[in-house]
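Novice: Encoded as structure tokens, here's the structure I'll be asking about.
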There are 2 protein chains.
Amino acid sequence: MPDELSIYPRPSVTIDCVVFGYDGEQLSILLLNRRDEPFANQWTLPGGFLHLEETFEEAAQRILKDKTGIENLFLEQLYTFGGLSRDPRGRVLSVAYYALVNPAKYQLMVGQMANELRWFNWKQLPSLGFDHAQIAQLAQVRLAAKIHYQPIGFELLNAQFTMSELQALHECILGETLDRRNFHKRMMASGLLRSTGERREGLKSRPAELFEFIP
Amino acid sequence: MPDELSIYPRPSVTIDCVVFGYDGEQLSILLLNRRDEPFANQWTLPGGFLHLEETFEEAAQRILKDKTGIENLFLEQLYTFGGLSRDPRGRVLSVAYYALVNPAKYQLMVGQMANELRWFNWKQLPSLGFDHAQIAQLAQVRLAAKIHYQPIGFELLNAQFTMSELQALHECILGETLDRRNFHKRMMASGLLRSTGERREGLKSRPAELFEFIP
DNA sequence: ATAACTTCGTGTAATAAATACGCAAAATAT
DNA sequence: ATATTTTGCGTATTTATTACACGAAGTTAT
């Protein structure tokens with residue numbers, strides 16, 4: 001029997017990551033300005049080639065660490081892109097992942113292959129190389145859908161957070177304002193979070209109760 | 001600059017398909033009994049290698065046509081599997097798709113590389129080669145989730161169908177019985193289907209109104 | 001000290017959505 | 001004719017979602 005694995009030409013496979021960050025105000029996506037061709041000096045999602053001895057998730061973690069300095073983050077597979085001409089160098093598939101991070105927890109480090117690394121407001125991305133605009137777009141849709149039935153906050157916020165902080169995050173992702181009382185009711189009814197009993201003080205008004213996600 | 005595409009070893013990429021069929025009674029998945037190693041004489045999902053000049057969906061259509069005789073079916077990407085040892089021949093990724101078909105519309109044709117092709121009740125699959133049990137499992141979860149907000153019936157049923165037929169399909173996918181009156185109300189309220197004015201006669205009781213999906 | 005300001009915490013009424021439930025009508029089978 | 005099966009529908013009940021306002025706890029300014 002012929003070795004089936006050798007008789008078919010193989011595509012290259014990359015992992016691209018849509019890294020969402022929330023700074024308390026705005027939701028952002030981390031982009032990298034490429035040093036080299038193709039798409040030199042253009043913005044793209046951080047990504048890189050999959051190595052044969054690593055899983056997708058291991059590759060994503062390695063790539064993000066090397067190119068952005070961000071380690072150990074929560075990742076989820078988004079979609080696999082296989083358009084015939086998405087990369088000018090040849091047939092390159094991309095298994096896209098998305099991640100949620102709290103930018104305050106990490107120090108960005110620009111890797112060797114990049115000119116610059118920058119957080120962009122998720123609704124005002126610059127034009128992107130490859131088909132990365134499409135990937136980012138799909139990640140946005142997925143995130144907005146996910147927040148309806150999953151606790152997204154725990155990766156984006158600090159371990160303890162006020163109800164207003166959580167609400168601001170939801171409003172940012174959903175793009176609409178929510179009623180404070182109904183939001184509170186809904187969150188507590190979900191059973192996904194609990195009060196810590198502590199309060200955040202020192203701000204310019206009444207201290208707010210701190211909550212945490214239930215593991 | 002080195003040709004980046006050549007310096008990294010490339011994985012093989014396959015497309016595997018979870019084909020759901022509904023015969024009016026039971027939901028089934030189409031499995032193929034392999035003729036050759038690896039997993040010779042074992043049941044697997046129909047699948048095959050991606051060619052460099054075709055998209056995922058083109059590959060899936062080609063593979064299904066060659067291996068099962070089914071053509072032109074509705075496909076949706078499920079997930080991409082990249083476990084290190086999912087294929088004994090080496091590193092092989094699989095971009096999994098799922099499809100919904102009405103078995104009455106197709107004549108199965110066993111391809112060259114298979115011993116047999118058979119519909120299995122989706123809840124009583126035999127043990128499967130590769131990691132295909134995991135793929136089939138994920139497809140089942142996805143299908144059950146999808147039926148809550150998408151009209152799944154139009155690929156699985158005939159163009160015209162009675163409300164009872166649609167309800168039986170939903171009950172089969174959800175694994176629970178539904179109230180006939182509430183189901184009718186919900187379906188009509190969805191705006192996804194309309195009455196054709198015709199009725200299905202010749203059965204052993206009162207003729208039922210025929211419905212169709214609104215395009 | 002006091003007043004003005006900001007943000008926090010909460011409850012109830014109104015509306016909308018989902019569920020439970022029963023009976024007469026249209027056909028077939030005997 | 002009579003029994004049997006499956007259809008088509010409507011209303012009452014429960015549950016979930018939405019709308020909405022005010023006093024309390026701090027901070028800042030005078």
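Novice: Going by the conditions given, is B:E71 surrounded by fewer than 17 Cβ atoms within 10 Å (Cβ to Cβ) and within 14 Å of another protein chain (Cβ to nearest Cβ)?
Specialist: Answer is no for this residue.
Novice: Do you know which residues across the stretch B:156-209 are of a type in the set (A, V, I, L, M) and within 8 Å of DNA strand D (Cβ to nearest atom)?
Specialist: Narrowing the stretch B:156-209 to residues of a type in the set (A, V, I, L, M): B:156-157, B:159, B:163, B:166, B:168-169, B:173-174, B:178, B:187-189, B:192-193, B:203, B:208.
Scanning the stretch B:156-209 gives B:M163, B:L203, B:A208.
Novice: Could you please find all residues in the stretch B:165-183 being surrounded by 15 or more Cβ atoms within 10 Å (Cβ to Cβ) and within 16 Å of DNA strand C (Cβ to nearest atom)?
Specialist: B:L166, B:Q167, B:H170, B:I173, B:F183
Novice: Find the residue count for the stretch A:96-122, including only residues that are under 14 Å from the mean Cα position of the chain (by Cα), in contact (Cβ under 8 Å) with a residue 40 or more places away in the chain and not in a helix (DSSP H, G or I).
Specialist: Of the residues in the stretch A:96-122, 12 are under 14 Å from the mean Cα position of the chain (by Cα), in contact (Cβ under 8 Å) with a residue 40 or more places away in the chain and not in a helix (DSSP H, G or I).
Novice: In the stretch A:1-58, what count of residues is obtained for those that are under 19 Å from the mean Cα position of the chain (by Cα), more than 9 Å from every other protein chain (Cβ to nearest Cβ), part of a loop (DSSP other than H, G, I, E, B) and not aliphatic (A, V, I, L, M)?
Specialist: 5
Novice: Now for a different question. Which condition from (1) small (G, A, S); (2) closer than 24 Å to B:P151 by Cα; (3) modelled with pLDDT of 95 or more is the one that B:A104 breaks?
Specialist: (3)
Novice: Ok, one more. Checking the conditions here, which among B:D66, B:D23 is in contact with a helix residue (DSSP H, G or I) (Cβ under 8 Å, 6 or more places away or on another chain), more than 15 Å from B:I135 (Cα to Cα) and not small (G, A, S)?
Specialist: It is B:D23.
The values are calculated or read from the model by the stated rules, or taken from the named source; none is laboratory data. Not measured: the values here are computed from a predicted model. Neighbour counts run over all protein chains shown; Cβ positions are idealised from the backbone, glycine included.
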